[in-house]
Amino acid sequence: MRAIDVHVHPSTAPFCYERRWGKEVAEFMPKYYRMEEKIRTDEELAEEFRALDIKALLIGWDGQAESGYDTSGTNDEVAGLIKKFPDVFIGGWAMIDPWKGKWAARELERCIKELGLMGLKFQQSAQGFFPNDRRFYPLYEKCVELNVPVSFHTGTTGIGAGMPGGHGYRLKYTKPVPYIDDVAADFPDLTIIMIHPAWPWIEEQIAVLLHKANVFNDLSGWAPKYFPENLKREINGRLQDKFMYGSDYPEIPPKRWLDEFEVGGYKPEVVKKVLYKNARRILKLAV
Ligand SMILES: [Zn+2]
């Protein structure tokens, strides 16, 4: 096994850009990033990861209250892919709109107990909320009760990037301090994953990782050759047990991420930790 990719968005039809973000973003984003949205079959998706010898965690989608798009069924889709290709897909993150109140907590319980997913994932810009808003604390309590990790997007987002007004998406929700730091302080038994290098707040991210033993980081969404020096120093040094590989597939091709990271000047033991050892330990993955 070359790596465990903790951050993969399925590129199959139920997860297409238009369904998640609407027609305007779906048309604009590929042009902005000079890439093409390619819809794969379930088999093609599994084969892509199998060919690279990568095990992956898949992510559902739900940002209905803030962005207005109904993506119901994507948590079930994720569970279906895991069931169909257990040799490649070893777990899944439920994504649940926190504004859906009591339904959200029930859906979390269903995703973990019935669908067998392993954690809860948020994208606060797409979902329009501050993590430390106490109205959402029942969801984190549920995570503690179910003994599952929660992950929060940090830093800027590709959704709406380059569009007038960022197409209404706001960056303020994804700042590590105080929003994620508060949740970590209030829930010391909750395993929290910050997603992406949190640019323009990487220093804040490093501070939270140093200060809160229950907070970790997935390095998805950035090509490793553009990692800033302070982040590289922490990955190679005192925070080497906190970082996990994630690609943010299909936006960042896993092969590119791994090829760049492996020649990034990291110690051999650190490379192994980031590529799979830390994920195994932090997310309790039996692989
Ligand atoms: Zn992502």
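Go through the range 240-260 and give me each residue that's surrounded by fewer than 21 Cβ atoms within 10 Å (Cβ to Cβ) and under 19 Å from residue 230 (Cβ atoms).
Within the range 240-260, 240, 241, 260 meet the criteria.
Just one of the numbered conditions (1) modelled with pLDDT under 95; (2) closer than 26 Å to residue 257 by Cα; (3) away from the ligand (no atom under 14 Å from the Cβ) is not true of residue 41; which one?
All conditions pass for residue 41, except number (1).
Identify the single condition in (1) touching a Leu at 6+ places or on another chain (Cβ under 8 Å); (2) within 16 Å of the ligand (Cβ to nearest atom) that residue 104 does not satisfy, given that it satisfies every other one.
Here residue 104 clears every test but (2).
Scan the range 262-287 for residues that are in contact with a helix residue (DSSP H, G or I) (Cβ under 7 Å, 6 or more places away or on another chain) and surrounded by 13 or more Cβ atoms within 10 Å (Cβ to Cβ) and jot them down.
262, 264, 266, 270, 271, 274, 285
To keep it simple, each residue is scored yes or no on (1) modelled with pLDDT of 95 or more; (2) open to solvent by less than 60 Å² (accessible area, probe 1.4 Å); (3) among the charged types (D, E, K, R); (4) at positive phi.
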{"residue": "144", "(1), (2), (3), (4)": "yes, yes, no, no"}
{"residue": "155", "(1), (2), (3), (4)": "yes, yes, no, yes"}
{"residue": "164", "(1), (2), (3), (4)": "yes, no, no, no"}
{"residue": "182", "(1), (2), (3), (4)": "yes, yes, yes, no"}
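Yes or no: the range 11-19 includes at least one residue that is open to solvent by less than 60 Å² (accessible area, probe 1.4 Å), β-branched (Val, Ile, Thr) and assigned to a helix (DSSP H, G or I).
No, the range 11-19 contains no residue that is open to solvent by less than 60 Å² (accessible area, probe 1.4 Å), β-branched (Val, Ile, Thr) and assigned to a helix (DSSP H, G or I).
Quick one: what pairs do we get from the range 189-217, first residue in contact (Cβ under 8 Å) with a residue 24 or more places away in the chain, second within 16 Å of the ligand (Cβ to nearest atom) and acidic (Asp, Glu), C-beta under 6 Å, 6+ apart or different chains?
From the range 189-217, the pairs are 193/218; 195/218.
Among (1) part of a helix (DSSP H, G or I); (2) closer than 30 Å to residue 137 by Cβ; (3) within 16 Å of the ligand (Cβ to nearest atom); (4) among the hydrophobic types (A, V, I, L, M, F, W, C), there is one condition residue 257 misses while meeting the rest; what is its number?
(2)
Counting residues that are open to solvent by 10 Å² or more (accessible area, probe 1.4 Å), which strands (runs of 3 or more DSSP E) fully inside the range 28-133 reach at least 1?
The strands (runs of 3 or more DSSP E) meeting that bar are 54-59, 89-95.
Six or more apart or on different chains, Cβ under 6 Å: which pairs go from a residue in the range 224-247 that's more than 12 Å from residue 275 (Cα to Cα) to one that's within 16 Å of the ligand (Cβ to nearest atom) and assigned to a loop (DSSP other than H, G, I, E, B)? Could you list them?
231/197
Tell me which of these residue 221 doesn't satisfy, since it passes every other one: (1) away from the ligand (no atom under 16 Å from the Cβ); (2) at pLDDT 95 or above; (3) open to solvent by 20 Å² or more (accessible area, probe 1.4 Å).
Checking residue 221 against (1) away from the ligand (no atom under 16 Å from the Cβ); (2) at pLDDT 95 or above; (3) open to solvent by 20 Å² or more (accessible area, probe 1.4 Å), the one that fails is (1).
I'd like to verify a number: residues in the range 244-275 that are of a type outside the set (Val, Ile, Thr) and within 18 Å of residue 48 (Cα to Cα), how many?
15
Among the residues that make up the range 172-195, is at least one of them under 24 Å from residue 20 (Cα atoms), of a type in the set (Lys, Arg) and touching a Phe, Trp or Tyr at 6+ places or on another chain (Cβ under 9 Å)?
Looking for residues that are under 24 Å from residue 20 (Cα atoms), of a type in the set (Lys, Arg) and touching a Phe, Trp or Tyr at 6+ places or on another chain (Cβ under 9 Å), one finds at least one in the range 172-195, hence yes.
The values are calculated or read from the model by the stated rules, or taken from the named source; none is laboratory data. Small disclaimer: the values here were computed from a predicted structure and weren't measured. As a convention, Cβ positions derive from the backbone with ideal geometry for all residues, glycine included, and neighbour counts pool all protein chains shown. What goes into the accessible areas is simple: the full protein's heavy atoms, side chains included, and nothing from ligands, DNA or RNA. Shrake-Rupley method; radii C 1.70, N 1.55, O 1.52, S 1.80 Å.
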